[in-house]
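The values are calculated or read from the model by the stated rules, or taken from the named source; none is laboratory data. Predicted model only: the values in this text are computed from it and were never measured. With ideal geometry, Cβ positions are generated from the backbone for all residues, glycine too; neighbour counts draw on all protein chains shown. SASA here: full protein model, heavy atoms, side chains in, ligands and nucleic acids out. Shrake-Rupley method; radii C 1.70, N 1.55, O 1.52, S 1.80 Å.
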Amino acid sequence: MKVALIGLGTVGRGVLEMLAKKDLGLVLTGIADSKSAFLDPAGIDIARVLARKKKEGFCGDQHLTAEDVIKKADYDALIEVTPTNALSGEPAIGYIKAALNRKKHVVTSNKGPIALAAKELRAMARKKGVALRYEATVAGAIPVMHTLDHGLAGNEILALYGVLNGTCNFILTRMAAEGLTYEQALMEAREMGYAEADPTYDVQGIDAAIKLVILANTIWDNGVKLDDVDRTGIDLLTPDALRLADEGGCTIRLIAEANPKKHLLRVSPRILDKNHPLVFEGTLNALTLETDMAKEITLIGRGAGSVETASAIIGDLLWIRDRYVQRA
Amino acid sequence: MKLEMKDSPGQLVAALKPISDVGGNIIAVIHQRDPDPDGDTLNVQIVLELPKGRIDNLVSLLKEQGVHIQRIGEERLLFQRTVILIGHLMHTGLSDTVDQIDSTGFAEVTALAMSMPGVNERSSSRITIKAVSREDMEAALAILRRVSRQKSLLLIEPLEDLS
């Protein structure tokens, strides 16, 4: 199967490294970063592209752009891994639409387009007879979407709750373990490379809320938006609050939860028993699905990282290959 | 409740039967043969759930069976939840916050642990609330949510369902 990739950040690099390392039968025919692009219908030498990107800061011909790859390259599936814009979803929405219009499958890790335009994009993919897969948008390497689509097929999903932001989980872990203030724990998270210079997106629960919106729309198709999420972050928590929880055999975690029957869509710090399956240390993510037949299922794993996210993207690509491309 | 009865065959069954007759649910029966100097009576402790207003009925039925009731300990509030409140708890009237729950009549604050790091700093408290029923607990939490919003306090609720 031929693939084209847009976006050469952490995720894009992880995908390329794995394509080069593993014999997956995926041929790269087009690639673009924010400054350049490169097309080769015979297959691009990935090692050379990565070396050039490292040395010169761009991957290909500076006269070419992502649009050239999306509209002209010969590929079966587009890997869209540009940075997330949570407000407009652009330019990723435009990229995805252009590929779908050419009847190309799309795999993305980009939360913006899926949170903002999932309904429209999915309808478009259906109309064109191609797949739009976005496993990597929620909980990194954890195969949430595949579990929902296949493992739990036929189940009614009654509710879900989970830890969907690793940065917050790390900060809360450190506050509880060492009695650090929020500010101290955040500083530590920055030093470890877990938190951005502007941590708002993580610590105020926006990132977790976006993932919750994606999950809710995927499962219940209820058209909820980011503004519908009742959201409280962790930035006002005190070390005393964590100590008081600890004295009661509990701790505090940032939990995203959705329950359509209770009209509940909420991201908030919550008290959990220390033995609760959603209490774990560090930057992991986890999600519990409550279903009618299987009852509760909890998935725990890496919520971020270059190769971890590549795992989700490659899972989607191989699913598309097996389902659509090989058969044709 | 703690019961004293004759130590003879059939007495325990006779004491348990009225409980189901009044619609009660036996949770545990603790039956210990205390070294009683007389040796002719039996002490039994029974933990049970009883619908509201049935206790008098049960007491008279037990008396008819010749069972002596030594003690009845009643736990009126069955549902318990612990929350954490963060903010300017004293400035915003902590006793008023607690009173808003206590004054409902169906729920009350039964424990409160507090930490106040400095005069102008936000304090944190752990509050245990008990209520008669699941619905009453939800109503009490709804009050607390409203009060927290009004007083700009951060309310941290437990994740688990009521138990």
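Which of the strands (runs of 3 or more DSSP E) contained wholly in the stretch A:27-100 include at least 3 residues that are without any contact (Cβ under 8 Å) to a residue 12 or more places away in the chain and in contact with a Cys (Cβ under 9 Å, 6 or more places away or on another chain)? Even if it seems obvious, please write down each step before you answer.
Numbers: elements: A:27-32, A:37-39, A:77-80.
Correct list: empty, since no element meets the threshold.
Selection of first residues in the stretch B:134-163 that are under 19 Å from B:Leu94 (Cα atoms) and of second residues that are hydroxyl-bearing (Ser, Thr, Tyr) and buried (at least 19 other Cβ atoms within 10 Å of the Cβ), restricted to Cβ pairs under 6 Å at least 6 apart or on distinct chains, gives the following pairs, ordered by first then second residue: B:Val147/B:Thr97; B:Leu155/B:Ser148.
For the stretch B:139-163, filtered to residues that are surrounded by 15 or more Cβ atoms within 10 Å (Cβ to Cβ) and not hydrophobic (A, V, I, L, M, F, W, C), the residue that is nearest to the other protein chains (Cβ to nearest Cβ) is B:Pro158.
Just one residue in the set A:Thr218, A:Thr200 is β-branched (Val, Ile, Thr) and either free of Cβ contacts under 8 Å to residues at least 24 places away in the same chain or surrounded by fewer than 19 Cβ atoms within 10 Å (Cβ to Cβ) (or both); that residue is A:Thr200. Can B:Ile129 be described as more than 23 Å from A:Ile234 (Cα to Cα), away from chain A (no Cβ under 14 Å) and touching an Asp or Glu at 6+ places or on another chain (Cβ under 8 Å)? No; evaluated as a whole, the condition is false for this residue.
Among the residues of the stretch A:139-160, is there at least one that is within 14 Å of another protein chain (Cβ to nearest Cβ), closer than 27 Å to A:Leu236 by Cα and either among the aliphatic types (A, V, I, L, M) or free of Cβ contacts under 8 Å to residues at least 40 places away in the same chain (or both)? Let's see the steps before the verdict.
If we filter the stretch A:139-160 for residues that are within 14 Å of another protein chain (Cβ to nearest Cβ), which is where we start, we get A:158-160.
Those left that are additionally closer than 27 Å to A:Leu236 by Cα: A:160.
From what's left, either among the aliphatic types (A, V, I, L, M) or free of Cβ contacts under 8 Å to residues at least 40 places away in the same chain (or both): A:160.
Scanning the stretch A:139-160, I find at least one residue that is within 14 Å of another protein chain (Cβ to nearest Cβ), closer than 27 Å to A:Leu236 by Cα and either among the aliphatic types (A, V, I, L, M) or free of Cβ contacts under 8 Å to residues at least 40 places away in the same chain (or both), so the answer is yes.
Restricting attention to the stretch A:174-197 and to residues that are of a type in the set (Ser, Thr, Tyr) and either within 15 Å of the chain's Cα centre (by Cα) or surrounded by 17 or more Cβ atoms within 10 Å (Cβ to Cβ) (or both), the residue that is farthest from A:Asn155 (Cα to Cα) turns out to be A:Tyr182.
For A:Val267, the criteria (1) surrounded by fewer than 23 Cβ atoms within 10 Å (Cβ to Cβ); (2) more than 30 Å from A:Tyr75 (Cα to Cα); (3) of a type in the set (Val, Ile, Thr) hold in every case but one, which is (1). Selection of the stretch B:71-106 for residues being open to solvent by less than 80 Å² (accessible area, probe 1.4 Å) and under 24 Å from B:Gly23 (Cα atoms) yields B:Ile72, B:Gly73, B:Leu77, B:Phe79, B:Phe106. Any idea how many residues of the stretch A:8-26 are part of a loop (DSSP other than H, G, I, E, B) and either over 16 Å from A:Ala66 (Cα atoms) or open to solvent by less than 10 Å² (accessible area, probe 1.4 Å) (or both)? Of the residues in that region, 5 qualify.
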